[in-house]
Amino acid sequence: MTASFSEISGSTLEGMNDEALDSLPFGIVGLTPDGVTKRYSAREGELAGLRRETVIGTDYFDEIAQCMNNFMVAQRFEDEPEIDDIISYVLTLKMRPTPVKLRLLKGNAFSLRYILIQR
Amino acid sequence: MNKASMEQPHQDEYEHLLHFLYACPIGLIDMTHEGTIELMTPLASNLLMPLATDGVLTNLLTALEDAAPELHSLIDDFTPRRGTICEHHRIHVDPSSQANADERRVLSCTVIKLNPNRYVVALTDVSAQVRQERRLREAETWFGSLLEGVKEFGVASLGTDGRIQAVNSTLVDRTGFAEQTLTDSPVAILVEADPADAASKMERRLEQAERDGWQISEGWARRSNGERYWCQSLIAVCAERSPDNGSFTRGYTFILREVARRDNDMLELKRLLRTDHLTGAYNRGAFFDAAEKAFLKCQKAARPLSMITLDIDHFKLINDTYGHGVGDEVLRSVSNACKAAVRPHDIFARIGGEEFAILLPDTTLEESRRVAERVRQAIATAPISVGEAVLVVTASFGCATGPCLTGGAAAILAASDAALYEAKRTGRNRIAWAPARTA
């Protein structure tokens, strides 16, 4: 099983429990097709300054990450049937502009859409 | 109190604050004097990210360099220690070359200086509001012009497919297309001078009308004889309830009017085309255009139309004696004297080498003779310096009045020319006139 940022598959992520997710060295966010936050890893919580329990259930692109609510991220999840792409991006983690790599994952083999965040 | 219980409320408050800022519906930025972004809300990043072509969003002034280069100097020129630098300053994000005004994005930007190296910026997307304002302005223009001249509008009713169902007579007159040709044709043939993309352009316009109830645009069109003209056209959705079964018949109303192109280059070009380069008077072509129009107008209103032709006396002698430079100076001087002496609504033109003409709408022969006399005196009493010497030039005048003369504006001009010849023949520096005949 590969667990690197660029290799790990959506199916692998889907099979992991919270503890396993938290052990990964990059942030992970899992969203339902209508944008509700279902998975939120400890690493991502640390970067954003938020605990998992305050984020689960929120509308991710409206309440937590408006910076990704555009044609470069959110719209792609709507438009493209399958995605596995890494892009350079700037997030506003704790309101500080932070250059990151994002890996966007969407596929038929797993139910959630994943955003992997590497600083 | 132990340490853990102190920290827990603190952590909760901090997290609450972060949640508040993450969800904040305004782009807020904290930056230095140079534009380096210290803090920003996610919405600020959302609005700016498409502008950061290098994908790095560390400096606001760099990100807005193309869209709002003025921000730099606004900030630099602001000397007080603190205060509002700009409020709701509009930034057009997309280059103006991007054709469709309805898709352009506009940001509203407020910049507040807190101290010499700390600035707070608020950004909001006001594209929808700007679109709304533009449409209101267009509507105002239209409704204003509707009141001015209802007869000037061509009207067609269209089916849902954009094909013409019926037209009014003005539309037939203005476009030169026969009613049979227009019926069942796509409306695009009336407004698009370039048939290559006419269909798709019209499709977009109909879509927009469907969405907003109406759509206006301005552009080139072509008459049936191939002549190009500039026009405005309005497409409005109409829905009529059938009296029989209460069902809706949908379609569009299309309104077309020819307008002067509001384009400075065009106006300047037009002016150049109508003006005599040497004297600044109207040229021959412009004079005949104006004369034909004035003739029709006066004929319709049963009002007199007069013309005066004048010719500088012994101009050839002046030219031969003093040279063309002096000749030109004489033409300019005479022209200036005429322009100053005619009435504001008269049209003064140079129609030949040393021959000028004045068009006097709504003017009797008597009145035109008075104007000619005033002009004659103005010329004769305006000496022209030529080096040490002073030249006094005179001119001869012919007056004629229509439109009871048959043959249009040209006939009046011919009659005044004949009178001018008479004035020359009987001694120059005088006025002669064609007898006012009745038809």
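Working only within segment B:50-63, note down all residues that are without any contact (Cβ under 8 Å) to a residue 40 or more places away in the chain and either more than 9 Å from every other protein chain (Cβ to nearest Cβ) or surrounded by fewer than 20 Cβ atoms within 10 Å (Cβ to Cβ) (or both). If you could, list the steps in order and put the result at the bottom.
Step one: filter segment B:50-63 for residues without any contact (Cβ under 8 Å) to a residue 40 or more places away in the chain, giving B:52-59, B:61-63.
Within segment B:50-63, B:52, B:53, B:54, B:55, B:56, B:58, B:59, B:61, B:62, B:63 meet the criteria.
Residue by residue, here is whether (1) open to solvent by 30 Å² or more (accessible area, probe 1.4 Å); (2) assigned to a helix (DSSP H, G or I) holds:
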{"position": "B:189", "(1), (2)": "yes, yes"}
{"position": "B:202", "(1), (2)": "no, yes"}
{"position": "B:211", "(1), (2)": "yes, yes"}
{"position": "B:218", "(1), (2)": "yes, no"}
{"position": "B:221", "(1), (2)": "no, no"}
{"position": "B:225", "(1), (2)": "yes, no"}
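If you go through segment B:333-366 one residue at a time, how many are open to solvent by less than 60 Å² (accessible area, probe 1.4 Å) and either on the phi > 0 side of the Ramachandran plot or of a type in the set (D, E, K, R) (or both)?
Within segment B:333-366, the first condition is being open to solvent by less than 60 Å² (accessible area, probe 1.4 Å), and the residues that meet it are B:333-335, B:337-338, B:341-343, B:346-361, B:363-365.
Next, only the ones that are either on the phi > 0 side of the Ramachandran plot or of a type in the set (D, E, K, R) (or both) stay: B:343, B:346, B:350, B:354-355.
Residues meeting the conditions: 5.
In this structure, is residue A:86 in contact (Cβ under 8 Å) with a residue 24 or more places away in the chain and either polar (S, T, N, Q) or buried (at least 19 other Cβ atoms within 10 Å of the Cβ) (or both)?
Details: in contact (Cβ under 8 Å) with a residue 24 or more places away in the chain: yes; either polar (S, T, N, Q) or buried (at least 19 other Cβ atoms within 10 Å of the Cβ) (or both): no.
No: the conditions fail for residue A:86.
If I go through segment B:153-187 residue by residue, how many of them are touching a Lys or Arg at 6+ places or on another chain (Cβ under 6 Å), of a type in the set (S, T, N, Q) and either surrounded by 20 or more Cβ atoms within 10 Å (Cβ to Cβ) or part of a strand (DSSP E or B) (or both)? Step through it out loud before you land on a result.
Of segment B:153-187, the ones touching a Lys or Arg at 6+ places or on another chain (Cβ under 6 Å) are B:153-154, B:160, B:175-176, B:184, B:186.
With the extra rule that they be of a type in the set (S, T, N, Q), the set shrinks to B:160, B:175.
Restricting the remaining residues to those that are either surrounded by 20 or more Cβ atoms within 10 Å (Cβ to Cβ) or part of a strand (DSSP E or B) (or both) gives B:175.
Matching residues across segment B:153-187 total 1.
Among the residues of segment B:64-94, write down those that are buried (at least 19 other Cβ atoms within 10 Å of the Cβ) and either touching a residue at least 60 places away in the same chain (Cβ under 8 Å) or within 14 Å of chain A (Cβ to nearest Cβ) (or both).
The answer is B:93, and nothing else.
Can you name every residue in segment B:354-401 that is part of a strand (DSSP E or B), in contact (Cβ under 8 Å) with a residue 24 or more places away in the chain and aliphatic (A, V, I, L, M)? Break it down stepwise before answering.
At the first step, the residues of segment B:354-401 found to be part of a strand (DSSP E or B) are B:355-361, B:384-386, B:389-391, B:395-401.
Cutting the leftovers down to in contact (Cβ under 8 Å) with a residue 24 or more places away in the chain gives us B:355-361, B:384, B:386, B:391, B:395-401.
Answer for segment B:354-401, where residues must be part of a strand (DSSP E or B), in contact (Cβ under 8 Å) with a residue 24 or more places away in the chain and aliphatic (A, V, I, L, M): B:357, B:358, B:359, B:360, B:384, B:386, B:391, B:395, B:400.
With the requirement that a residue be open to solvent by less than 70 Å² (accessible area, probe 1.4 Å) and at the interface with another protein chain (Cβ under 10 Å from one of its Cβ atoms), what does segment A:65-83 give you?
Start the filter on segment A:65-83 by keeping residues that are open to solvent by less than 70 Å² (accessible area, probe 1.4 Å), which leaves A:65-70, A:72-74, A:76-77, A:80, A:83.
Once the filter is applied, which keeps residues that are open to solvent by less than 70 Å² (accessible area, probe 1.4 Å) and at the interface with another protein chain (Cβ under 10 Å from one of its Cβ atoms), segment A:65-83 yields A:65, A:66, A:67, A:68, A:69, A:70, A:72, A:73, A:74.
Condition test on residue B:257, is it surrounded by 15 or more Cβ atoms within 10 Å (Cβ to Cβ) and modelled with pLDDT of 80 or more? Write out each step before concluding.
Details: surrounded by 15 or more Cβ atoms within 10 Å (Cβ to Cβ): yes; modelled with pLDDT of 80 or more: yes.
Criteria met by residue B:257.
For residues that are among the hydroxyl-bearing types (Ser, Thr, Tyr) and facing chain A (nearest Cβ under 10 Å), scanning just segment B:10-36, find the one that is least open to solvent (accessible area, probe 1.4 Å).
Keep residues of segment B:10-36 that are among the hydroxyl-bearing types (Ser, Thr, Tyr), which gives B:14, B:22, B:32, B:36.
Now drop any that are not facing chain A (nearest Cβ under 10 Å), which leaves B:14, B:22, B:36.
Details: B:14: 92, B:22: 5, B:36: 61 Å².
Among them, the one singled out is B:22.
I'd like the full set of residues that are in a helix (DSSP H, G or I), of a type outside the set (Ser, Thr, Tyr) and within 14 Å of chain B (Cβ to nearest Cβ), limited to segment A:16-64.
Residues satisfying the conditions are A:44, A:45, A:46, A:47, A:48, A:52, A:53, A:55, A:61, A:62, A:63, A:64.
Which of the residues spanning segment A:95-108 are touching a residue at least 24 places away in the same chain (Cβ under 8 Å), open to solvent by less than 80 Å² (accessible area, probe 1.4 Å) and not hydroxyl-bearing (Ser, Thr, Tyr)?
So the first thing to find is which residues in segment A:95-108 are touching a residue at least 24 places away in the same chain (Cβ under 8 Å), and the list is A:98, A:101-108.
Checking which are open to solvent by less than 80 Å² (accessible area, probe 1.4 Å) leaves us with A:98, A:102-107.
Those that are touching a residue at least 24 places away in the same chain (Cβ under 8 Å), open to solvent by less than 80 Å² (accessible area, probe 1.4 Å) and not hydroxyl-bearing (Ser, Thr, Tyr): A:102, A:103, A:104, A:105, A:106, A:107.
Yes or no: residue A:15 in contact (Cβ under 8 Å) with a residue 60 or more places away in the chain and small (Gly, Ala, Ser)?
On the way: in contact (Cβ under 8 Å) with a residue 60 or more places away in the chain: no; small (Gly, Ala, Ser): yes.
The answer is no for residue A:15.
Please work out which residue is farthest from the chain's Cα centre (by Cα), limiting yourself to segment A:15-33 and to residues that are surrounded by fewer than 15 Cβ atoms within 10 Å (Cβ to Cβ) and closer than 16 Å to residue A:104 by Cα. First the steps, then the outcome.
Initially, segment A:15-33 is screened for residues surrounded by fewer than 15 Cβ atoms within 10 Å (Cβ to Cβ), giving A:15, A:17-20, A:23, A:25, A:32-33.
So of that shortlist, the ones also closer than 16 Å to residue A:104 by Cα come out as A:32-33.
Values: A:32: 11, A:33: 13 Å.
The selected residue is A:33.
The values are calculated or read from the model by the stated rules, or taken from the named source; none is laboratory data. On a predicted model such as this, the values are computed, not experimentally measured, just so you know. A quick note on method: Cβ atoms are made from the backbone with ideal geometry, for glycine too, and the neighbour counts reach across all protein chains shown. In case anyone asks, the SASA skips ligands and DNA or RNA and just uses the protein heavy atoms, side chains included. Shrake-Rupley method; radii C 1.70, N 1.55, O 1.52, S 1.80 Å.
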